[in-house]
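Chemist: Let me begin by handing over the structure; questions about it come next.
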Amino acid sequence: MPEKAWRLILKDGLRFYLLDPSPDVKLLFTTRRSRDNDPDHNLDVRNQLVPFRLDGSLVTMNQTHSNSVVHVDGPGEIKADGCFTTQENLALSVRVADCVPIFVWSEKRSLIGVMHAGRRGTLSKIALRFVEKIQKEGISSHRLRYSLGPSIGKCCYEVGEDVLSEFREAWPEAMGFFSRKKEGVYLDLRAANRFLLRSVGAVEGASLDLCTYCNSKRFYSHRREHGAGRNWGIIVRRSS
Ligand SMILES: [Zn+2]
C-alpha cells in the first residue's frame, strides 16, 4: 500500500497539515494564524486548537530541552520533552518553532507518542530514551513508526564551533550530520534524529520535510523571529 502523505487542510479559517497513517491515528501540525499581527491571538496559540475539538483530552508538555519522557494516561500538563500513551482519545501535543517535532505510533495500534528534539534533546538522544522508557513500561516497541514535522533545516541551522565540539565530544558519530558552507557550520537535526530512530528499529512514515526558517509565511521560527509563536504538533488515536 502506498504511503499516505500529509495534506494541507483549511477548516474553520485555519490551515493545518493532517496525516492519517491508519484509520484511527491522526497527526496534525498547525500553521501560522492569519491574524498574527493581533498580539492577543498570537500569544494565545491554544486558540489554534479550538477547531480540532480536543478540549478535555489534551496533554501539553512543559518543555525544557531535556530527554525526559513520561508515560501519560490522562489529560493535563506534564514536565517532559517526550510522552506516550496507550489510551484512546488522548491528544498528545508538542510545541516547536525550529526544534524537531517527532510523532510516533505503533503499527499494532497500541501506542502513540510525541517528542521535542532541538539541539539539546538530540544531543541527549531523546529518541533512544523514548524507546527505552516504553520498553521499561512493558510496552512493545515492535513495529514503531515515526514521522518528523517541520523544523529548521540543514539549509538554515547554522551553529557555532562550540556546538560542533560539544557533539564531537559526546557523540563522535554525529559528525556526519554537520556540514561546512562558506564560513559557517550547519547541523542537520533531522538526519540526526532519523539516525537515532532507525537505530532502534523504528520505520519512517511520511514526514513533513519543510524548513520553519525558510517557510516564514507558514510557520513560526524562533531563530528568525525570537519570541515568536509556536507551531503545534498533535497525535491522537480515536476510538472508532
Ligand atoms: Zn531553511
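What follows draws every value from the coordinates through simple rules; no lab data is involved. As the structure is a prediction and not an experimental result, all values here were calculated from the model. A quick note on method: Cβ atoms are made from the backbone with ideal geometry, for glycine too, and the neighbour counts reach across all protein chains shown.
Chemist: Gaussian network model of the chain, Cα springs within a sub-10 Å range: biggest mean-square fluctuation belongs to which of 206, 117, 91?
Modeler: 206
Chemist: Among 10, 128, 27, which comes first, second and so on when ranked by fewest other beta-carbon atoms within 10 Å? Present the calculation step by step, with values, prior to reporting the outcome.
Modeler: On the way: 10 9, 128 15, 27 24.
With the fewest neighbours first, 10, 128, 27 line up as 10, 128, 27.
Chemist: Which translational diffusion coefficient, to the nearest whole µm²/s, is obtained for region 163-220 from the Stokes-Einstein equation, given a Kirkwood hydrodynamic radius over C-alpha pairs, 25 °C and 0.890 mPa s? Intermediate results must be reported in sequence, preceding the final value.
Modeler: Values: Rh = 13.4 Å.
Rounded to a whole number, D works out at 184 µm²/s.
Chemist: Please report the net charge: other residues with Cβ closer than 11 Å to the Cβ of residue 144, K and R +1, D and E -1.
Modeler: On the way: positive: 108, 143, 145, 198; negative: 107, 204.
Once all neighbours under 11 Å are counted, the net charge is +2.
Chemist: Further question on the same structure: Report D for region 86-196 in µm² per second (integer): Stokes-Einstein, Kirkwood Rh on Cα pairs, 37 °C, 0.692 mPa s. Can you show the working numbers first?
Modeler: Details: Rh = 15.0 Å.
Translational diffusion coefficient: 219 µm²/s.
Chemist: Out of all Cα-Cα pairs in region 201-240, roughly what percent, to the nearest whole number, are more than 11 Å apart? Display every interim value, and only then the final one.
Modeler: Numbers: 580 of 780 pairs.
In whole percent, the share of Cα-Cα pairs in region 201-240 beyond 11 Å is 74.
Chemist: Can you give me the Kirkwood hydrodynamic radius for region 112-151, using every pair of distinct Cα atoms, in Å to one decimal? Intermediate results must be reported in sequence, preceding the final value.
Modeler: On the way: mean 1/r = 0.0896 Å⁻¹.
Mean inverse Cα-Cα distance, inverted, gives 11.2 Å.
Chemist: I'm a student and want to see the number: the projected area of the Cα convex hull of the chain, averaged over all directions, in nm². Could the numbers behind the result be given before it?
Modeler: On the way: hull surface 52.7 nm².
If I average the Cα hull's projected area over directions, I get 13.2 nm².
Chemist: Another question about this same structure. What are the principal axis extents of the Cα atoms in region 55-129, in Å, biggest first?
Modeler: So the extents along the principal axes, rounded to whole Å, are 31, 26, 18.
Chemist: For Cα pairs less than 8 Å apart in space and 6+ apart in sequence, what is the mean separation divided by the residue count of the chain, i.e. the relative contact order in percent? Provide the component values of the computation, followed by the final result.
Modeler: Working: 523 pairs, mean separation 58.2, N = 240.
Worked out over the chain, it gives 24 percent.
Chemist: What list do you get for 212, 64, 31 if you sort them by fewest beta carbons within 10 Å? Don't skip to the end; give the middle numbers.
Modeler: Values: 212 27, 64 12, 31 20.
Ascending Cβ contact count within 10 Å gives the list 64, 31, 212.
Chemist: Out of all DSSP beta bridges in region 135-233, what portion is antiparallel? Express it as a percent rounded to 5.
Modeler: On the way: 6 of 9 bridges.
Just about 65 percent of them are antiparallel.
Chemist: While we're looking at this one, here's another question. Among the lysines, which fall within straight-line cross-link reach of residue 4, defined as a Cα-Cα distance under 17 Å, with same-chain neighbours fewer than 8 residues apart omitted?
Modeler: The qualifying lysines are 26.
Chemist: Taking 41 Å as R0, compute the FRET efficiency from the Cβ-Cβ separation of residue 10 and residue 110 and round it to 0.05. Before the final figure, lay out each step's value.
Modeler: Details: r = 33 Å, r/R0 = 0.79.
Calculated transfer efficiency: 0.80.
Chemist: Let me ask something else about it. 222 nm [θ] for the chain, helices only, -39500 (n - 2.57) per DSSP H run of 4+, per residue, to 500?
Modeler: That calculation yields -5000 deg cm²/dmol at 222 nm.
Chemist: Arrange 114, 72 by Cβ neighbour counts within 10 Å, fewest through most, would you? Before the final figure, lay out each step's value.
Modeler: Values: 114 30, 72 18.
So the residues, fewest neighbours to most, are 72, 114.
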